[in-house]
Amino acid sequence: MKITKLTLYRVPPRWMFLKIETDEGVTGWGEPVIEGRARTVEAAVNELTDYLVGQDPCRINDLWQVMYRGGFYRGGPIMMSAIAGVDQALWDIKGKLLGVPVYELLGGRVRDRMKMYSWVGGDRPAEVIEGIHTLREIGIDTFKLNGTEELGIVDTAAKVDAAVGRIAQIRDAFGKTIEFGIDFHGRVAAPMAKVLLRELEPFRPLFVEEPVLPEQAEYYPRLAEATAIPLAAGERMFSRFEFKHVFRRGGIAIVQPDLSHAGGITECVKIASMAEAYDVAFAPHCPLGPVALAACLQVDFVAHNAVLQEQSMGIHYNKGAELFDYVLNPEDFVITDGYFPPLPKPGLGVIVDEERVIAASRNAPDWRNPVWRHPDGSVAEW
Ligand SMILES: O=C(O)C(=O)C[C@@H](O)[C@H](O)CO
Ligand SMILES: [Mg+2]
């Protein structure tokens, strides 16, 4: 079998789908994208075409190594997202060719269902209580919300009280009947992370995510020493070679690689396995589309240390399309009591509605995250 063609579709809300065709008619789908840099990743995938067309799609490991090592320069969000989308599509092809879900190719399931969580509250966390009430009605009991709005390197007691007060409201309203992670989203600098973690400790969040920016990773062990709250990170780390430093230094209890940013299934299975050796949990980041989610679930069902799966249903970014709008088999993703079932169909287990994708790709927005500013006019982390 040989790869014959790669086709990319940028679609609302901010996703990009990759279709890989072969000379035997088997087609695979992937979701290579960096949110806000879709056109850059599109160019990166197109540059990989030279290494892929004419090759055997079943030699996934070799093609991964060629894509990673063949161009001398390596790593980073753009290249690793391009590789991720190609990798997902190659696993989709191989599973379809052999008639089995990817998790069967990876040794079979270690669990019967996978715990998931939903976002509540949006960019500037508001209406969190209402959001939780609504989602609890469909059996979801685990959530994530942004911890703060803009925050200075050193900021006021009032800002701290606003952040902590929101969390106190959640515990007042729901007690321990629900769980939630708090995403600091890179908005919190090291000095304020210590303050916030101390003030949040009594409310026992499930985790605090990106407690500082990934470029400040040396603070993870120090912050972990100062708090019992499990710290999570990983959405802005892009290969084993980045995660290994975090594992060695310690401090992170949950790693959250993104299957569409960190080299795909091939790489994230290895990251999950490294994490297990350090007693670190695996909780793939996935604020993206259905192909990315399907790829996550294929790894969740073979990783012993997989604990939580993010998904974008109702997320504040999904303007113009919702998670399953481009999917012909949404019934395979039905959430029961807050869990996803294993995807039964061959390959990634998602059937892409190609007609709808093509139609939507004709007016895909160039999504950008907002550029926030502090009251003094300086750039604030979004
Ligand atoms: O889902 C998360 O945990 C996020 O932090 C969302 C962020 O990754 C945005 O997708 C960036 O545009
Ligand atoms: Mg996050």
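Which condition number does PRO290 fail, the rest of (1) touching a residue at least 40 places away in the same chain (Cβ under 8 Å); (2) within 16 Å of ligand 2 (Cβ to nearest atom) being met?
(2)
Out of the range 156-178, which residues are open to solvent by 40 Å² or more (accessible area, probe 1.4 Å) and not in a helix (DSSP H, G or I)?
Of everything in the range 156-178, those that are open to solvent by 40 Å² or more (accessible area, probe 1.4 Å) and not in a helix (DSSP H, G or I) turn out to be THR156, LYS176, THR177.
Give the residue that is surrounded by the most Cβ atoms within 10 Å (Cβ to Cβ), with candidates limited to residues of the range 263-274 that are among the aliphatic types (A, V, I, L, M) and touching a Pro at 6+ places or on another chain (Cβ under 9 Å). Lay out the reasoning, then the answer.
Of the residues in the range 263-274, the ones among the aliphatic types (A, V, I, L, M) are 265, 269, 271-272, 274.
Then keep just the ones that are touching a Pro at 6+ places or on another chain (Cβ under 9 Å); that gives 271-272.
Working: ILE271: 26, ALA272: 24.
Taking the candidates together, the pick is ILE271.
Output the residue which, of all residues in the range 220-239 that are crowded, with 19+ Cβ neighbours inside 10 Å and among the hydroxyl-bearing types (Ser, Thr, Tyr), is farthest from ligand 2 (Cβ to nearest atom).
Only one residue fits best here, namely SER239.
Could you look through the range 180-219, keep only residues that are open to solvent by 30 Å² or more (accessible area, probe 1.4 Å), out of contact with any helix residue (DSSP H, G or I) (no Cβ under 6 Å at 6 or more places or on another chain) and closer than 22 Å to GLY131 by Cα, and pick out the one that is farthest from ligand 1 (Cβ to nearest atom)?
Restricting to residues being open to solvent by 30 Å² or more (accessible area, probe 1.4 Å), out of contact with any helix residue (DSSP H, G or I) (no Cβ under 6 Å at 6 or more places or on another chain) and closer than 22 Å to GLY131 by Cα, the top hit is ARG204.
Just the residues that are among the aliphatic types (A, V, I, L, M) and surrounded by 15 or more Cβ atoms within 10 Å (Cβ to Cβ), please, taken from the range 124-155.
Once the filter is applied, which keeps residues that are among the aliphatic types (A, V, I, L, M) and surrounded by 15 or more Cβ atoms within 10 Å (Cβ to Cβ), the range 124-155 yields ALA126, VAL128, ILE129, ILE132, LEU135, ILE140, LEU145, LEU151.
Please work out if VAL66 is assigned by TED's automatic domain parsing to the domain that holds GLU47, part of a helix (DSSP H, G or I), among the β-branched types (Val, Ile, Thr) and without any contact (Cβ under 8 Å) to a residue 24 or more places away in the chain.
Values: assigned by TED's automatic domain parsing to the domain that holds GLU47: yes; part of a helix (DSSP H, G or I): yes; among the β-branched types (Val, Ile, Thr): yes; without any contact (Cβ under 8 Å) to a residue 24 or more places away in the chain: yes.
Considered against the rule, which asks whether it is assigned by TED's automatic domain parsing to the domain that holds GLU47, part of a helix (DSSP H, G or I), among the β-branched types (Val, Ile, Thr) and without any contact (Cβ under 8 Å) to a residue 24 or more places away in the chain, VAL66 comes out as yes.
Of the residues in the range 114-137, how many are touching a strand residue (DSSP E or B) at 6+ places or on another chain (Cβ under 6 Å) and assigned to a loop (DSSP other than H, G, I, E, B)?
3
Can you tell me how many residues in the range 33-54 are in a loop (DSSP other than H, G, I, E, B) and surrounded by fewer than 16 Cβ atoms within 10 Å (Cβ to Cβ)? Please lay out each step first, then the result.
Going through the range 33-54, the residues in a loop (DSSP other than H, G, I, E, B) turn out to be 33-37, 53-54.
Those left that are additionally surrounded by fewer than 16 Cβ atoms within 10 Å (Cβ to Cβ): 36, 53-54.
Of the residues in the range 33-54, 3 are in a loop (DSSP other than H, G, I, E, B) and surrounded by fewer than 16 Cβ atoms within 10 Å (Cβ to Cβ).
For the range 199-213, does any single residue satisfy the condition of being assigned to a helix (DSSP H, G or I), within 16 Å of ligand 2 (Cβ to nearest atom) and touching a Phe, Trp or Tyr at 6+ places or on another chain (Cβ under 7 Å)?
Within the range 199-213 (the criterion being assigned to a helix (DSSP H, G or I), within 16 Å of ligand 2 (Cβ to nearest atom) and touching a Phe, Trp or Tyr at 6+ places or on another chain (Cβ under 7 Å)), the answer is no, since none of the residues qualifies.
The values are calculated or read from the model by the stated rules, or taken from the named source; none is laboratory data. This structure is a prediction, so every number in the text was calculated from the model and none was measured. Because the Cβ atoms are built from the backbone with ideal geometry, glycine has one as well, and the counts that use them run over all protein chains shown. What goes into the accessible areas is simple: the full protein's heavy atoms, side chains included, and nothing from ligands, DNA or RNA. Shrake-Rupley method; radii C 1.70, N 1.55, O 1.52, S 1.80 Å.
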